[in-house]
Amino acid sequence: MRPNPALWLPVALVSAFELFAAGLILRPSVDAPYRAYFIDKTSDCWPHQTEAAYTLGTALSFVEGKPNLFFPNKICGWFYPNAKGTWSYGAYSLLRFKFPAPAAPLRLTISAGAMVDAGHPAQRVAVSANGQPLVTLSFASTEPEAKTVDIPAPLAASGSLDIRFDYPDARSGRELGPNEDSHLRAIRMVSLTLANT
Amino acid sequence: MTSDAIATPAFIQSNRWPIFVVPAVLAIAGELLRYLAYASINAQPSPQGFVDAMCVWDCYWFRDIVTHGYQAYPETLNFGGPAGIANWAFFPLYPLLIAAIGKLVAASPAAIGAVVSPLLTLGAALASWPLFRGDRRAYYLFAVFLLIGPFSFYFSILYSESLFLLLTVPAFVALGRRNYIAAGATGALLAATRTVGVLFVFAILAEAIIELRKRFIGELPRRPDIVLGLLLAPLGLFAFMVWLYLVTGDALAFAHIQRAWDREIVNPATALWAALTSPAGQTRDAPLLAVSSVAGLLLCGVLAWKRQFPAALFCALCLVLALTNGVESMLRFVAALAPLGIVLCQLLARWRWLFWLSLIVFIALDFEWTIGWLHQQGALM
């Protein structure tokens, strides 16, 4: 039986709708963080919202299942915690701390292992606070090493610190094994404390 | 003709009633068996406890969509991982169905899913009869496979696999009859059920090429039914894209949000090889998932060998597309492809002894893997 030529009408209607829908792909109406993270993938930082409350001297844990997990202070740049710590994710990581403003400098103490091997013996970590560069640390072991960074009193006096770790030597997670996520990794943070000197 | 024979309905006389009754009995038996599995590991079992215990992993997302609809923006609160999550990766037809039923009955989405999904699966088993061309043994084994078999827990909870099964079967029945419009319309519903549903358009294309062969290009302008079928098949996906655009501003939000689960596009062959050769890593039970993927691809080969090219193409594309995100959840993806289950049961039902052995193994695995599901074993995710 010959198909009814009137079927060309629904063909035209469905085609028009699908062309319209396909056209929407070309003009997403989203904000800049969304576009950068999900569409263009130019950013590895999806900024989480958090109150970031912190009591000076508290040791935050980055190990799954341990108390004082760092989530209330996390902004972006961290994988899921596991039994050995939390890998950094992407080219940088951000943490935010809000606390009663102290009159003295603060000391940041971090314990972290690094993604290093014979061919890549060190991972540099450039630490900055509220946009001001502080120091560049170097981690040379897969096992946790403790490092300290002094935060000047004028910065600490704000009572709010955005601490950023930049990883110029970060490497693809795929180097750890073929089933690993390929995003950049540099350090596996175990603990972090911000305290009075 | 005796008076007894006159009183007996033609339906009974024709001996066709087991085709309907056996799957219905299997559906009830399957529910009971899975409840027994749950009761065997719970000190105080209850129907509500059973529903809640079975509702794990993606069940959370379907429940969220049924209750709240689609999110406008990814989550910005900490949930542990690097990105913001959102429920856009889950296609709308199944949660819409559950939400519609939820307007009529006062029950939780998980409870509605626990009733509706087995009924949809029973519908899939019954609708598959024409695809067996009279091979009752294979048909019954497929009914066992779906309703009381190794993966039946997937098809009896708040997951979209049951609806996907139900739609896949009539889509291929219509395509087998070269009713392209019916196949396309069912394909549109498939495309609104799961990401891979849109790939049914290639099955329609393959069937049209098989029918028209070298005349395909020249004949197409005189076959609006084929053109309409081809255009209808992806309609569900396009409709979802328009909805996502209205809600989120991003028509491809369902694909972009994959980043929230750290999923990235990978070479399927590389993903398979990595999973087979390297058990360690993010994906739990990677080698087992890789083996199930290979088994699925082999069954695609069997379909092609049996000259069921549209079904072979559809299933192979579904598996390859899924593998571009790695081997995670591949066991479930393979299990939910009805043509693979059908061809597997046709193979296993060729010999009577193998049929009975398969039947016993299927039922035993239903019990065992339901317990595995309740314990959230990684390979079953």
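The values are calculated or read from the model by the stated rules, or taken from the named source; none is laboratory data. These numbers were taken from a predicted model, which means no experiment stands behind them. For neighbour counting, all protein chains shown are included, and Cβ atoms are generated from backbone atoms with ideal geometry for every residue, glycine included.
With the structure loaded, tell me whether B:R222 is closer than 29 Å to A:C76 by Cβ, of a type in the set (K, R) and out of contact with any strand residue (DSSP E or B) (no Cβ under 8 Å at 6 or more places or on another chain) or whether it fails that test.
Numbers: closer than 29 Å to A:C76 by Cβ: no; of a type in the set (K, R): yes; out of contact with any strand residue (DSSP E or B) (no Cβ under 8 Å at 6 or more places or on another chain): yes.
Judged against the criteria, B:R222 is not a match.
Of everything in the range A:49-93 that is crowded, with 21+ Cβ neighbours inside 10 Å and without any contact (Cβ under 8 Å) to a residue 60 or more places away in the chain, the residue that is farthest from the other protein chains (Cβ to nearest Cβ) is A:N73. Taking (1) more than 9 Å from chain A (Cβ to nearest Cβ); (2) surrounded by fewer than 16 Cβ atoms within 10 Å (Cβ to Cβ); (3) not polar (S, T, N, Q) in turn, B:R222 satisfies each apart from (1). Is there a residue in the range B:87-101 that is within 14 Å of chain A (Cβ to nearest Cβ) and assigned to a helix (DSSP H, G or I)? Yes, the conditions are met somewhere in the range B:87-101. Restricting B:L104, B:L96, B:L119, B:L167 to residues that are at negative phi and either touching a helix residue (DSSP H, G or I) at 6+ places or on another chain (Cβ under 7 Å) or surrounded by 24 or more Cβ atoms within 10 Å (Cβ to Cβ) (or both) narrows the list to B:L167.
Considering the range A:3-21, the residues that are at pLDDT 95 or above and more than 7 Å from chain B (Cβ to nearest Cβ) include one that is farthest from B:L244 (Cα to Cα), namely A:L9. For the range B:35-50, taking the residues that are farther than 15 Å from B:A111 by Cα and not in a loop (DSSP other than H, G, I, E, B), the one that is farthest from the chain's Cα centre (by Cα) is identified as B:A39. Taking the range B:166-228 as the region of interest, the helices (runs of 4 or more DSSP H) fully inside it that hold 2 or more residues being farther than 30 Å from B:L122 by Cβ are B:200-212, B:216-219. For the range B:355-381, a residue qualifies if it is crowded, with 20+ Cβ neighbours inside 10 Å and outside any helix (DSSP H, G or I), but none of them does.
What residue, among those in the range A:36-48 that are more than 9 Å from every other protein chain (Cβ to nearest Cβ) and buried (at least 16 other Cβ atoms within 10 Å of the Cβ), is modelled with the lowest pLDDT? Top of the filtered list is A:S43.
Okay, residues lined up against (1) modelled with pLDDT of 85 or more; (2) among the charged types (D, E, K, R); (3) over 18 Å from A:Y89 (Cα atoms):
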site: B:I257; (1), (2), (3): yes, no, no
site: B:A260; (1), (2), (3): no, no, no
site: B:E264; (1), (2), (3): no, yes, no
site: B:A269; (1), (2), (3): yes, no, yes
site: B:T277; (1), (2), (3): no, no, yes
site: B:A280; (1), (2), (3): no, no, yes
site: B:R284; (1), (2), (3): no, yes, yes
site: B:V291; (1), (2), (3): yes, no, yes
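Pairs are defined by a Cβ separation below 8 Å, a sequence spacing of at least 6 or placement on different chains, a first member in the range B:48-73 that is without any contact (Cβ under 8 Å) to a residue 12 or more places away in the chain, and a second member that is outside any helix (DSSP H, G or I); the pairs so defined are B:G49/B:N42.
Give the number of residues within the range A:95-104 that are surrounded by 15 or more Cβ atoms within 10 Å (Cβ to Cβ) and at pLDDT below 95. Spell out the reasoning first.
Narrowing the range A:95-104 to residues surrounded by 15 or more Cβ atoms within 10 Å (Cβ to Cβ): A:95-99, A:102.
Filter once more, so that each one left must be at pLDDT below 95: A:102.
Of the residues in that region, 1 qualify.
Pairs please, first residue from the range B:248-270 and at the interface with another protein chain (Cβ under 8 Å from one of its Cβ atoms), second anywhere and acidic (D, E) and not in a helix (DSSP H, G or I), Cβ atoms under 7 Å, 6+ apart in sequence or on different chains. Note: pairs meeting the criteria are B:H256/B:D250; B:D262/A:D181. Which residue is farthest from B:L120 (Cα to Cα), if the candidates are limited to the range B:96-109 and must be in contact (Cβ under 8 Å) with a residue 40 or more places away in the chain and of a type outside the set (V, I, T)? In this case the residue turns out to be B:S108.
Filter the range A:22-34 down to the residues that are modelled with pLDDT of 95 or more and not in a loop (DSSP other than H, G, I, E, B), then identify the one that is nearest to the other protein chains (Cβ to nearest Cβ). Once the filter is applied, the top-ranked residue is A:L24. Scanning the range A:159-172 for residues that are surrounded by fewer than 21 Cβ atoms within 10 Å (Cβ to Cβ) and in contact with a Lys or Arg (Cβ under 8 Å, 6 or more places away or on another chain) yields A:G159, A:S160, A:D162, A:P168, A:D169, A:R171, A:S172. Which numbered condition in (1) in a loop (DSSP other than H, G, I, E, B); (2) closer than 22 Å to B:Y245 by Cα; (3) free of Cβ contacts under 8 Å to residues at least 24 places away in the same chain is the only one that A:W46 fails? (3) is the only condition that A:W46 fails. Across the range B:228-247, the qualifying residues are those that are surrounded by fewer than 19 Cβ atoms within 10 Å (Cβ to Cβ) and facing another protein chain (nearest Cβ under 8 Å), and the one among them that is farthest from B:L167 (Cα to Cα) is B:V242. One residue alone among A:S128, A:S138 is surrounded by 15 or more Cβ atoms within 10 Å (Cβ to Cβ), small (G, A, S) and assigned to a strand (DSSP E or B), and that residue is A:S128. Collect the residues in the range A:162-186 that are facing another protein chain (nearest Cβ under 8 Å), farther than 21 Å from B:L276 by Cα and over 14 Å from the mean Cα position of the chain (by Cα), keeping them in residue-number order. Hits for the range A:162-186: nothing passes.
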